[in-house]
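Input: a single structure, listed below in structure tokens.
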Amino acid sequence: MDLRSFTPANEVYDRGRALAESVPTSAHDHEPAHPHRPSVLAYIDKSNEGRLEHLLPLRIGRMIASPFAFFRGAAGLMAADLVDSPANGVNAQLCGDAHAANFGLYGSPAGEIIMDINDFDETIPGPWEWDVKRLAASLVLAGREGGVPSKGCIDAAEDAVKSYRRTIRDLADAPFLKSWTALPDASVLDAAKADELIDDFARAATKARTNTSDKVVAKWTTQLDDHETGVRRHRFIDDPPILTHIDPTEVEAITDGLESYVDTLRETRKNLITRFAVRDVAFRIVGTGSVGLRSYVALLHGNRGESLVLQLKEARASALSPYLPAATVKHEGKRIVQGARLVQSGPDILFGWTTIGERPYMVRQFRNMKGDIDPTVLERNHLDDYGRLAGALLARAHTRSLDPRLLAGYFDGDKDLHKSIGRFAVRYADQTISDHAELVEAVDSGRMQAQLA
């Protein structure tokens, strides 16, 4: 750790400008598919390894729902396509799956509603370009699903890149402490020039404020008499296949895992969580790409009628890890938590990790005032605003791990990046439509089993 040396800002900018000479921004307009990418079915088979077999048809069923749904479950396939793609050598802590639906609202430690990246299963250090290209391609796919004209889809993708570039430049000029805490709340709408989303944000925030453990308890539980204590206690209501109870031995193992998880929290939060007690545990299916992984919800009882619902989700190696020279990871849950802590402006105060059996898990609040703006239902003038919003949030997230002055130097005088990545995004959306069609054909022909839900 060196706190004695100081590099003037102009020197950092100059290093960034030099990068543009070797990797011009026009180089990011490249072919979508790597010549040695795995086939779609080979990729699916490989990504299904280790998952619960009885849930695999449900995973496939969710992925064939639309090209955008397929894209959401295929972060690793895009990583395989981006191998050897132009990159200027500046790495960031990537979200790893920065598609348009992975930006959402949640509660800050102070109880405020903030918007940020909200899924870090694939987080890993890597080229900043990978996240930006995934975001741009996802906006084209989301717009197509919502019936937005082609020009509107391209505008959204290009606006996301413009916003990313503009935000990097702004944060590069800001004091370090100010840039570190930038864009935490609804002010990001103004900064990203996303005024059309004000009403969408307000509606999502209103819904998010009610999206709490108490709402989960009211909707998913019933009260039963506890004959051991003589008091009534809540218990999850089975709703197969989404929510199902597990046997007592597994409940004990998960409770043991939660007790071990406490040690991964900061001291004050250990004191908080140990005031609760586990009352029930159930298996719950989540997401698209995560279907088939082991995932549980635990109901904890707090002060008087207080409830807390935690999610324990199996943590696997990042889908990007086979394609990046990342350091060896000792615990995948720890990787996810530390990545989120580095990237998010206000990470969940109860975010931690544990091991159950020999499998790593990450643990977090299941409902922490979470909400979202669905990009697939946005009209054209809202979709490009959403692109600008997501681009700004992604830029802020990246500046936690890379020096924005370096990228600002790379962007100095640039007028091509948004056009280059926009053209790539359209081609990658076309590639995804083809990949999705291949999976649908495999289901139709009986080579893959799918359960629609």
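Quick note: the coordinates plus some simple rules give every number you see, no bench work behind them. It should be emphasised that the depicted structure is a prediction, and the values quoted were computed from it without experimental measurement. Virtual Cβ from ideal backbone geometry, glycine too; neighbours counted across all protein chains shown.
The charge dipole of the chain, taken about its Cα centre with unit charges on the Cβ of Lys, Arg, Asp and Glu (plus for the first two, minus for the last two), comes to roughly 680 debye. The orientation-averaged shadow of the Cα convex hull for the chain, equal to a quarter of the hull surface, comes to 22.2 nm².
Full extension of the chain between A33 and K46 gives 2.8 nm of extra length, using 0.36 nm per residue less the Cα-Cα distance. Going by a ≥ b ≥ c, the root eigenvalues of the Cα gyration tensor, does region 1-56 fall in the rounded group (a/c under 1.5), the prolate group (a/b larger than b/c) or the oblate group? It is oblate, given that a/c is not under 1.5 and a/b is not larger than b/c.
The per residue volume of the convex hull around the alpha-carbon atoms of region 213-365 is 136 Å³. The trypsin sites (Lys or Arg not before Pro) of region 27-68 include none that meets both criteria, a DSSP state outside H, G, I, E and B (loop) and at most 16 other C-beta atoms within 10 angstrom of the site's C-beta. Counting pairs of alpha carbon atoms under 8 Å apart in space and at least six apart in sequence, what relative contact order in percent does region 213-365 give? Over region 213-365, the number comes to 21 percent.
For the chain, the longest principal axis of the C-alpha atoms and the axis of helix 248-261 are separated by about 50°. For region 21-171, the relative contact order is 20 percent, taking Cα pairs closer than 8 Å that sit 6 or more residues apart in sequence and dividing their mean separation by the residue count. Evaluating 6.51 cos²θ - 1.76 cosθ + 1.60 at θ = phi - 60° for every residue in region 347-354, the Karplus couplings come out as x, 3, 5, 10, 7, x, 9, 7 Hz, glycine and proline recorded as x. Anything over 26 Å Cα to Cα? Flag those among K215/K334; K215/K330; K207/K313; K46/K133; K46/K334; K334/K419, in the order listed. Too far apart for the 26 Å limit: K215/K334; K215/K330; K334/K419. Using the average count of surrounding beta-carbon atoms within 10 Å as a protection proxy, the listed peptides 286-293, 379-386, 413-420, 125-132 rank, highest first, as 125-132, 379-386, 286-293, 413-420. Scoring 427-440, 23-36 by mean Cβ neighbours within 10 Å over their residues and listing the highest first yields 427-440, 23-36.
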